[in-house]
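Heads up: the structure comes next, in structure tokens.
The values are calculated or read from the model by the stated rules, or taken from the named source; none is laboratory data. Only a predicted model underlies this, so the values are computations on that prediction, with no experimental measurement involved. Please note: Cβ atoms are built from the backbone with ideal geometry, for glycine as well, and neighbour counts cover all protein chains shown. Note: accessible area is taken over every heavy atom of the protein model, side chains too, but ligands, DNA and RNA are not part of it. Shrake-Rupley method; radii C 1.70, N 1.55, O 1.52, S 1.80 Å.
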Amino acid sequence: MTVKSMNSSVSAVDRPASRSARALSDAEVALYRHLGHLTVDRVFSPEQAEAVIADIERWGESFLAELPESQRAWYLDAGVGARTVLRKLDNPHHHREMIRELARSPALVALVESLIGPGVSVYFSQIFFKPPEGGGPKPAHQDNFYFGPNDPEGVVTAWIALDDATLENGCLYFGEGTNRGPVYPHVAPAGEPFNLQLPQSILDRQPMQPTPVMRGSVSFHHGNTFHRSGPNHSTRWRRACALHYVNERTFFEHPALPYDDALKLRIS
């Protein structure tokens, strides 16, 4: 297997197109604790990624056809002027069986449990489309400001790349080591109360490291870790599925936005 960050890596033998269940090593977990993020290559096969893309495209078409005007600012990508295209979809683990299959994959669950312990659930999930030729950036933020968990160490995001995520099409950037710091108050631009982000005065003191992720690989990040994504000015999509796992002792105690506890999906 190969586990990466841009500045540090722990490497062993390469594995097949998709991996069997195996926990992370102590060295890999230590790297995650130090940097606040960790990429594990080829957790899922290209064929699995293609099947998920086909499924979310079908869902996206029906969702867009029924989307009321009042919700368009939340779900549409304003960076793409030539056509109407979705920016994201929420809670695919609730709406799509294929995403539930991803979330329950033994290979993925073994990795998640290595980071937050046994007995995990998906509390919230998202599909990000990041369309070509204008897919907008996501400002730097901390997931744990959005979620407000009772235990900041009990949350991990598994960000599954459905396409190769590159510098050109809007990969993630991380503030390495920020997981070991506090959760800061966030601000929102006028008219965008949902777009919570870290103040620029804090970001001015924190370098952000680009972290490309290849299709089928999973980028794990701690809920305190600063992260953002760039715009997509390429001709290629940058689709991804984010599964936000909690352990059996963790819940969203004081979230900044509303989350439906009834959608929590027990995995192990």
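Below are the figures for this structure:
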{"read-out": "Strands (runs of 3 or more DSSP E) completely within region 184-268 that count 2 or more residues being crowded, with 22+ Cβ neighbours inside 10 Å", "value": "218-222, 226-229, 240-247"}
{"read-out": "In region 222-236, the residues that are closer than 19 Å to residue 173 by Cβ and not basic (Lys, Arg)", "value": "222, 223, 224, 225, 226, 227, 229, 230, 231, 232, 233, 234"}
{"read-out": "Selection count, region 112-170, where residues are among the aliphatic types (A, V, I, L, M) and assigned to a loop (DSSP other than H, G, I, E, B)", "value": "2"}
{"read-out": "Of the criteria (1) without any contact (Cβ under 8 Å) to a residue 24 or more places away in the chain; (2) of a type outside the set (Phe, Trp, Tyr); (3) part of a helix (DSSP H, G or I), which one residue 179 fails", "value": "(1)"}
{"read-out": "Qualifying residue in region 64-82 (condition: touching a Phe, Trp or Tyr at 6+ places or on another chain (Cβ under 7 Å) and β-branched (Val, Ile, Thr))", "value": "no"}
{"read-out": "Selected residue [under 16 Å from the mean Cα position of the chain (by Cα) and of a type in the set (A, V, I, L, M)] from 156, 183", "value": "156"}
{"read-out": "Test for residue 101: is it part of a helix (DSSP H, G or I), farther than 22 Å from residue 135 by Cα and of a type outside the set (Phe, Trp, Tyr)", "value": "yes"}
{"read-out": "Residue count for region 80-98, restricted to those that are of a type in the set (A, V, I, L, M, F, W, C) and either in a helix (DSSP H, G or I) or under 23 Å from residue 250 (Cβ atoms) (or both)", "value": "1"}
{"read-out": "Complete set of residues in region 23-45 that are exposed (fewer than 15 other Cβ atoms within 10 Å of the Cβ) and either among the small types (Gly, Ala, Ser) or under 19 Å from residue 99 (Cα atoms) (or both)", "value": "23, 25, 27, 30"}
{"read-out": "Unique match (being touching a Leu at 6+ places or on another chain (Cβ under 6 Å) and not hydrophobic (A, V, I, L, M, F, W, C)) among 249, 239", "value": "239"}
{"read-out": "Sole residue being surrounded by 20 or more Cβ atoms within 10 Å (Cβ to Cβ), without any contact (Cβ under 8 Å) to a residue 60 or more places away in the chain and among the acidic types (Asp, Glu), chosen from 77, 55", "value": "77"}
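Residue-by-condition table, conditions (1) open to solvent by less than 10 Å² (accessible area, probe 1.4 Å); (2) more than 24 Å from residue 56 (Cα to Cα):
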position	(1), (2)
100	no, no
105	no, no
108	yes, no
113	no, yes
128	no, no
131	yes, no
138	no, no
141	no, yes
153	no, yes
